[in-house]
Amino acid sequence: MSGLKSLFKQTFIYGLATVLPRMLSFLLVRLHTDESVLKSVADYGDVSLIFSYFVIFNVILAYGMETAFFRFFNKEDDKAKVIGTSTISLIITSLGFFVLAFLFQNQISNFVDIKVEYIQLVVWILLLDALVIIPFAWLRAIAKPIKYAVIKILNVVINLGLNLFLLLWLKDLALEHAIVQPLYKPNFQVNYIFIANLVASAVTLVLMLPFYFKVKFTFNKVLWKQMMQYAFPVLLAGLAFSINESFDRILLDKLLPEAIAKTEIGMYSACYKLALFMMLFATAYRLGVEPFFFSHAKTQNPQKNYAIILEYFVVFGSVILLAVVVFADVLKVIFIGNQDYWEAMWIVPVILIANFCLGIYHNLSVWYKVTDRTKFGAYISIFGAVLTLVLNFWLIPILSYKGSAIATLAAYATMMLLSYYFGRKYYPIPYNIKKIVMYLGLSITLSILSFYQFRGQYIVGISMLIVFLAIVYFAEQKVIKQLLKR
């Protein structure tokens with residue numbers, strides 16, 4: 001229980017580092033969807049499309065080295081060698097990408113149909129973000145979650161503050177004060193969004209510079225080859241995940257009629273954000289649990305703790321799923337004030353369930369990470385990506401963004417089941433399947449009934465939530481009391 005206590009403590013702090021910044025970023029959704037900032041839903045669709053490419057290139061620039069760092073940091077006796085080798089590797093590849101991207105910026109612009117001026121800003125942001133991958137991983141590896149959280153939160157506070165300043169206040173200040181006038185440009189809103197991001201990333205790198213003064217820049221070629229061999233399947237898995245997470249916007253842009261594509265992307269992306277409540281929980285849990293997986297891999301019977309961890313995840317995730325669905329129409333008013341976006345609310349329960357399945361998949365993935373069978377993670381993720389592409393190509397012309405939501409759910413649910421199937425064969429873990437299926441099935445059933453059958457009837461929805469919470473309490477009261485006592 002002491003190990004689990006440490007896990008929950010770190011998960012809580014990593015949760016603050018993930019949830020609080022993302023909650024602040026919800027204000028950006030409210031800001032960017034305001035008609036006084038971006039004039040139309042289609043404009044927000046443009047921004048969302050650019051961020052979709054962000055996701056893909058962030059994965060490429062990390063190329064699985066973060067996960068490889070955790071594995072070899074816990075595996076190798078010479079920690080400095082692991083830190084130095086991974087750091088040098090990422091510096092060289094990041095700078096190489098930066099140079100190539102600027103040399104071929106016009107070709108990239110034509111290929112992705114994004115303005116060159118946006119490409120230039122994006123390339124700088126990608127470089128800065130890549131250079132803090134290992135420093136942040138190092139903070140997690142040495143159990144410094146508070147410092148990790150403070151820097152992550154500061155990044156988003158700066159981003160949010162600059163968005164507010166540049167998009168809301170700069171114009172009026174420029175009219176009143178001549179010294180501010182050079183900063184303001186009309187119809188420059190999209191640029192301002194990425195400039196805010198760029199400044200936040202630059203400040204983050206500056207705060208992480210002490211890491212670069214501490215690290216011993218020693219490069220071990222043999223170790224690097226081992227790390228790359230471990231990381232390559234993780235890269236493939238990451239690319240597959242990026243397809244599942246963001247490629248639907250790109251396909252919506254390509255497959256829908258030009259007259260409506262950006263508007264559909266805008267509505268879909270804004271309502272998709274409401275499903276981030278589940279993604280935030282799953283991400284915070286993963287950040288806390290991933291180092292735990294590796295550090296406990298050599299202990300006696302770690303499978304027992306792995307099984308308990310998944311049970312807790314499903315319990316908490318089930319509560320979050322039902323609570324967000326019941327209050328989805330309240331949340332939309334808070335975070336998406338512009339009614340022009342509300343048409344896509346249909347997707348919210350679907351994406352929530354999809355991210356719940358993804359979170360379970362991440363917990364199940366322990367078997368191939370601790371046994372160095374990361375190629376299975378790549379196989380499963382690639383299968384999910386192929387399924388995503390096939391379903392999107394099939395369903396988007398028929399159902400538009402609803403097809404994309406269904407494809408996301410189908411992909412993540414399939415990946416979850418495949419990981420469980422192969423895990424039973426190669427690294428059996430005694431999961432309490434009956435309990436997991438009970439919580440998962442009940443929360444999904446109540447969520448579907450609440451949203452699609454009794455939507456707007458809060459007495460019914462809240463009653464369902466109370467009944468579910470009572471079931472959880474009576475089934476888990478011993479564990480809940482023990483955790484609260486500790």
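Please find the FRET efficiency linking ALA178 to ASP372, where r is the Cβ-Cβ separation and R0 is fixed at 60 Å, and quote it to the nearest 0.05.
On the way: r = 63 Å, r/R0 = 1.05.
Working from the Cβ atoms, E equals 0.45.
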Compute, for the chain, the length of the dipole vector about the Cα centre, with Cβ point charges of +1 (Lys, Arg) and -1 (Asp, Glu) only. Units Debye, rounded to 20.
2180 debye
Once you put a point 7 Å from the Cα of LEU164 and another 7 Å from the Cα of ILE114, both along the Cβ direction, what distance in nm separates them?
2.7 nm
Distance in nm between label sites at ILE459 and ILE92, each 7 Å beyond Cα in the beta-carbon direction?
7.0 nm
Please find the FRET efficiency linking LEU100 to PHE211, where r is the Cβ-Cβ separation and R0 is fixed at 25 Å, and quote it to the nearest 0.05.
0.45
Relative contact order for the chain using alpha-carbon pairs under 8 Å, separation at least 6, rounded to a whole percent?
22 percent
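From the C-alpha coordinates alone, can you work out the Kirkwood hydrodynamic radius of the range 109-152, in Å? Present the calculation step by step, with values, prior to reporting the outcome.
Numbers: mean 1/r = 0.0809 Å⁻¹.
Evaluated over the range 109-152, this radius sits at 12.4 Å.
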Nitroxide proxy distance, nm - points 7 Å out along Cα→Cβ at GLN303 and GLN229
2.6 nm
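With every protein chain present, what is the per residue accessible area of the chain (1.4 Å probe, Å²)? Can you show the working numbers first?
Working: 21860 Å² over 486 residues.
Ligands and nucleic acids excluded, the result is 45 Å² per residue.
Compute and list, largest first, the equivalent-ellipsoid semi-axes of the chain from the alpha carbon gyration tensor, each √(5λ) rounded to a whole angstrom. Mind showing how you got there, number by number?
Values: eigenvalues 226, 189, 97 Å².
So the equivalent ellipsoid measures 34, 31, 22 Å along its semi-axes.
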Going by the alpha-carbon gyration tensor, a ≥ b ≥ c the square roots of its eigenvalues, is the range 302-416 rounded (a/c under 1.5) or, if a/c is not under 1.5, prolate (a/b greater than b/c) versus oblate?
oblate
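Quote to one decimal, in nm, the extra length available between SER40 and VAL330 on full extension: 0.36 nm per residue of separation minus the C-alpha distance between them.
Numbers: separation 290, 0.36 × 290 = 104.40 nm, distance 2.28 nm.
The SER40-VAL330 span can extend by a further 102.1 nm.
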Which semi-axis lengths, in whole Å and largest first, follow from the square roots of five times the eigenvalues of the Cα gyration tensor of the range 382-486?
31, 25, 9
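Using the membrane-span-like helix rule (whole DSSP H runs, Cα extent along the own axis of at least 20 Å, mean Kyte-Doolittle hydropathy at least 1.0), which helices of the chain qualify?
Qualifying helices: 41-62, 79-103, 116-130, 145-164, 189-214, 276-295, 302-326, 347-364, 374-399, 433-448, 458-485.
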Taking a virtual spin label 7 Å from the Cα of PHE219 along the C-beta vector, which residues in the range 62-92 bring their backbone nitrogen under 12 Å of it?
85-92
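Per the 1.4 Å probe, what fraction of the accessible area of the chain, in percent, lies on carbon and sulfur atoms? Don't skip to the answer; put the middle values down first.
Values: 14480 of 21860 Å².
Answer for the chain is 66 percent, counting heavy atoms of protein chains only.
Calculate the FRET efficiency for GLU258 and LYS147 from the Cβ-Cβ distance with a Förster distance of 45 Å, rounded to the nearest 0.05. Walk me through the numbers before you get to the answer.
Values: r = 47 Å, r/R0 = 1.05.
About 0.40, to the nearest 0.05.
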Restricting to DSSP loop positions (anything but H, G, I, E, B) with no more than 14 other Cβ atoms inside 10 Å of their own Cβ, which GluC sites (Glu not before Pro) remain in the range 29-122?
GLU35
May I ask which residue of PHE232, ASN106, PHE54 lies farthest towards the positive end of the charge dipole of the chain, with charges of +1 (Lys, Arg) and -1 (Asp, Glu) on Cβ and the Cα centre as origin?
PHE232
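Taking a threshold of 29 Å on the Cα-Cα distance, which of the pairs LYS221/LYS375; LYS225/LYS254; LYS144/LYS434; LYS254/LYS369 fall above it?
Working: LYS221/LYS375 22 Å; LYS225/LYS254 39 Å; LYS144/LYS434 36 Å; LYS254/LYS369 36 Å.
From the list (LYS221/LYS375; LYS225/LYS254; LYS144/LYS434; LYS254/LYS369), the Cα-Cα distance tops 29 Å for LYS225/LYS254; LYS144/LYS434; LYS254/LYS369.
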Additional length obtainable on full extension of the chain from TYR421 to PHE316, 0.36 nm per residue less Cα span
35.5 nm
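The values are calculated or read from the model by the stated rules, or taken from the named source; none is laboratory data. For clarity, every value in this text was computed on a predicted model and none was experimentally measured. Neighbour counts run over all protein chains shown; Cβ positions are idealised from the backbone, glycine included. Each accessible area value is taken on the protein alone, full model and side chains, heavy atoms only, with ligands, DNA and RNA left out. Shrake-Rupley method; radii C 1.70, N 1.55, O 1.52, S 1.80 Å.
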